[in-house]
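The values are calculated or read from the model by the stated rules, or taken from the named source; none is laboratory data. The structure presented is a predicted model; accordingly, all values stated were derived computationally and were not measured. Glycine also receives a Cβ, built like all others from the backbone with ideal geometry; neighbour counts cover every protein chain displayed.
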Amino acid sequence: SAVISQKPSRDICQRGTSLTIQCQVDSQVTMMFWYRQQPGQSLTLIATANQGSEATYESGFVIDKFPISRPNLTFSTLTVSNMSPEDSSIYLCSLRGLTGELFFGEGSRLTVL
Amino acid sequence: QKEVEQDPGPLSVPEGAIVSLNCTYSNSAFQYFMWYRQYSRKGPELLMYTYSSGNKEDGRFTAQVDKSSKYISLFIRDSQPSDSATYLCASYSSASKIIFGSGTRLSIRP
């Protein structure tokens, strides 16, 4: 399986600021996925990032709040904009394997004060 | 009703015990089933990936799918303290996105 690296691994942020999370993969992939895992809750898909096109957002998530970039086949960023304490979560970058299974990075744990 | 339901636990068992972790799902079209292990402050790690009904074994881990009852299980034999983690189940079909359970916290007592 591919190696998925995320930065930062954790951060503490102030309300109203924005933070960009980076995801680097060691092989070329067409689609990358961004998930959110709120404390004690399941994984929720935020958006699908295709190289060369706009990201596709799931219901409840909008581009203004979670802008995504996908400049090439090995890299993506997710920005959490104008953060509030409700945005405190683990944000996970992921990709699908050859037979459809999903692999995750180590996650970026955000705490918003 | 959630599409994938999972008992949140926590579940605490003594070392060496057989652990049974379970999920139910509501979408009869689901064909693919996954189990993840997530240690504290880490991303989910894929443990088992199965298609349709039946059993799949990998070392001390066995994944079982019963499509007739929409029930999926993960069995851990000879449990170790290092198995202490949160276990997530997930299901999907070729036409759907992946749906995750909320996770079961497992603690193995030495």
- line: Within the stretch A:92-106, the count of residues that are more than 8 Å from every other protein chain (Cβ to nearest Cβ) and free of Cβ contacts under 8 Å to residues at least 24 places away in the same chain comes to 1
statement: Within the stretch B:53-84, restricting to residues that are surrounded by 14 or more Cβ atoms within 10 Å (Cβ to Cβ) and within 14 Å of chain A (Cβ to nearest Cβ), the one that is modelled with the lowest pLDDT is B:Lys56
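So, restricting to strands (runs of 3 or more DSSP E) that lie completely within chain A, which ones have at least 1 residues that are within 13 Å of the chain's Cα centre (by Cα) and under 26 Å from B:Gln31 (Cβ atoms)? Spell out the reasoning first.
On the way: elements: A:4-7, A:10-13, A:19-25, A:31-37, A:43-50, A:68-72, A:75-80, A:89-96, A:102-104, A:108-112.
Fully inside chain A and qualifying: A:4-7, A:31-37, A:43-50, A:89-96, A:102-104.
Pick from the stretch A:55-77 the residues that are away from every other protein chain (no Cβ under 14 Å) and under 27 Å from B:Glu3 (Cβ atoms): which of them is surrounded by the fewest Cβ atoms within 10 Å (Cβ to Cβ)? Walk me through how you get there before you give the answer.
Residues of the stretch A:55-77 away from every other protein chain (no Cβ under 14 Å): A:55, A:62-77.
Next cut, under 27 Å from B:Glu3 (Cβ atoms) only: A:55, A:62-63, A:65-66, A:68, A:76.
Values: A:Ala55: 21, A:Val62: 11, A:Ile63: 13, A:Lys65: 16, A:Phe66: 19, A:Ile68: 23, A:Ser76: 27.
In this case the residue turns out to be A:Val62.
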statement: Across the stretch A:33-43, the tally of residues that are free of Cβ contacts under 8 Å to residues at least 40 places away in the same chain and surrounded by 15 or more Cβ atoms within 10 Å (Cβ to Cβ) stands at 1
field: Among the candidates B:Glu45, B:Glu57, B:Glu15, residue that is of a type in the set (D, E, K, R) and in contact (Cβ under 8 Å) with a residue 60 or more places away in the chain
entry: B:Glu15
- request: Answer yes or no: is there a residue in the stretch B:1-17 that is of a type in the set (S, T, N, Q), modelled with pLDDT under 95 and buried (at least 19 other Cβ atoms within 10 Å of the Cβ).
  value: yes
- prompt: Taking the stretch B:9-52 as the region of interest, how many residues are at the interface with chain A (Cβ under 10 Å from one of its Cβ atoms) and touching a Pro at 6+ places or on another chain (Cβ under 7 Å)?
  reply: 2
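Go through the stretch B:69-102 residue by residue and tally those that are of a type in the set (S, T, N, Q) and touching a residue at least 60 places away in the same chain (Cβ under 8 Å).
So the first thing to find is which residues in the stretch B:69-102 are of a type in the set (S, T, N, Q), and the list is B:69, B:73, B:79-80, B:82, B:84, B:86, B:91, B:93-94, B:96, B:102.
Still in the running and touching a residue at least 60 places away in the same chain (Cβ under 8 Å): B:79-80, B:91, B:93-94, B:96, B:102.
Going through the stretch B:69-102 one residue at a time, the tally reaches 7.
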